[in-house]
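Derivation of every value follows stated rules applied to the coordinates shown; laboratory data play no part. Fair warning: this is a prediction, and the values are worked out from it, not measured in the lab. Cβ atoms come from the backbone with ideal geometry, glycine included; neighbour counts cover every protein chain shown.
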Amino acid sequence: MKNLLKLLDLSEQEILNILNLGDQLKYELKHGIAHPRLAGKALGMIFEKASTRTRVSFETGTYQLGGHALFISAQTSQIGRGEPIQDTARVLSRYLNGIMIRTFAQEEVEQLAKYSSIPIINGLTDFAHPCQVLADLMTVREYKGRLKGLKLCFIGDGNNMANSLIVGGLKVGMEVSVASPEGYEPDQQVLDFAKEHGGFTLVRDPSEAAKDADVVITDVWASMGEEQEAEKRKKAFAGYQINQKVMDAAKSDAMVQHCLPAHRGEEITADIFEAHADEIFEEAENRLHAQKAVMVLLME
């Protein structure tokens, strides 16, 4: 593994290596065992999309590993003035030991990796959210003790979360079902992968998708950059909600995950969110541990 651009690039073993190291680093942190495995190293963090969890978890994680993280805003750097991505990549490669980028187009991340001589980590694009899904898988395994053979259900927009959950879930041996409204299906590249892999279903009815699920996952109806479509999406996604009816279709001990921020009353009801809040905020915490594992494996 030279970069983390999308989960399509990783093998099952590479995903499990990240999760196993994430578990180890989490244990060490909880028990006061220092792990300065990136001492003297620097991570550049390029943000073209705003962030809460991504920035705080990467910055804190780099510090805990003994390294230093630099925040690079598109608005206050030459990136925002049109410097070509290939030039940015070659310059930053001479200063840094790794780059995390949170942006819009997947192509930008791929180009950054092509021209960089240091590891690139995808902190989010419109196509993929690999770091979040690694944290999701880590959390599911913590609660369920395994991944292989479990059923993962995603309800909502076929966005970057859906894309990465499908790929990540199938690669580690889970059955994956998705319920999305017409016109909001996951990316065709991901659907083609799922068709070849097997173990995947795409339906319109959320309760059908959630039938016998071990974990039920959702995301906001309008992702960052889609705010102008909010009203249109509210109509399209009416009924695509994790509520008691959906949870009744899932297994009685099913867990719930949400990448946050959550809009209670839209994609998830307030009562279901609060009933599963411990799982959801453990998932948020695990962004820190999973990403630290990625950084160690790529930058150590």
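For region 145-237, averaging the sequence separation of C-alpha pairs within contact (under 8 Å, six or more residues apart) and dividing by the residue count gives a relative contact order of 35 percent.
For Q75 and D212, what is the calculated FRET efficiency with R₀ set at 45 Å and r taken between the beta-carbons, to the nearest 0.05? It would help to have the intermediate numbers written out before the result.
On the way: r = 47 Å, r/R0 = 1.05.
The value I calculate is 0.45.
Length available on full extension from E107 to M1: 0.36 nm per residue minus the Cα-Cα distance, which gives 36.3 nm. Spin-label model, R90 to K234: label points 7 Å out along the Cα-to-beta-carbon direction sit 5.0 nm apart. Rounded to the nearest whole Hz, the Karplus-based 3J(HN,Hα) values (6.51 cos²θ - 1.76 cosθ + 1.60, θ = phi - 60°) of region 82-96 follow the sequence x, 4, x, 4, 5, 6, 4, 4, 6, 6, 5, 4, 8, 10, 10, with x at glycine and proline.
In a fully extended conformation the segment linking N17 and F281 would gain 92.7 nm over its present Cα-Cα distance, using 0.36 nm per residue. Across the options A69, T54, V256, the greatest Cα extent toward the positive end of the charge dipole of the chain (unit charges at beta carbon of Lys, Arg, Asp, Glu) belongs to A69. Remark: relative contact order (the chain) = 21 percent; criterion is Cα-Cα distance under 8 angstrom and separation of 6 or more residues.
Stretching Y27 away from H263 to a fully extended chain increases their span by 81.8 nm, per 0.36 nm per residue minus the current alpha-carbon distance. Here region 132-283 is described by how far its Cα atoms reach on the three principal axes: 39, 35, 25 Å, from widest to narrowest. Simple spin-label estimate for S117 and V56 gives 3.7 nm between the two label positions (7 Å along the Cα-to-Cβ direction from each Cα). If r is the Cβ-Cβ distance from E227 to D9 and R0 is 41 Å, what FRET efficiency results, to the nearest 0.05? Between E227 and D9 the formula returns 0.85.
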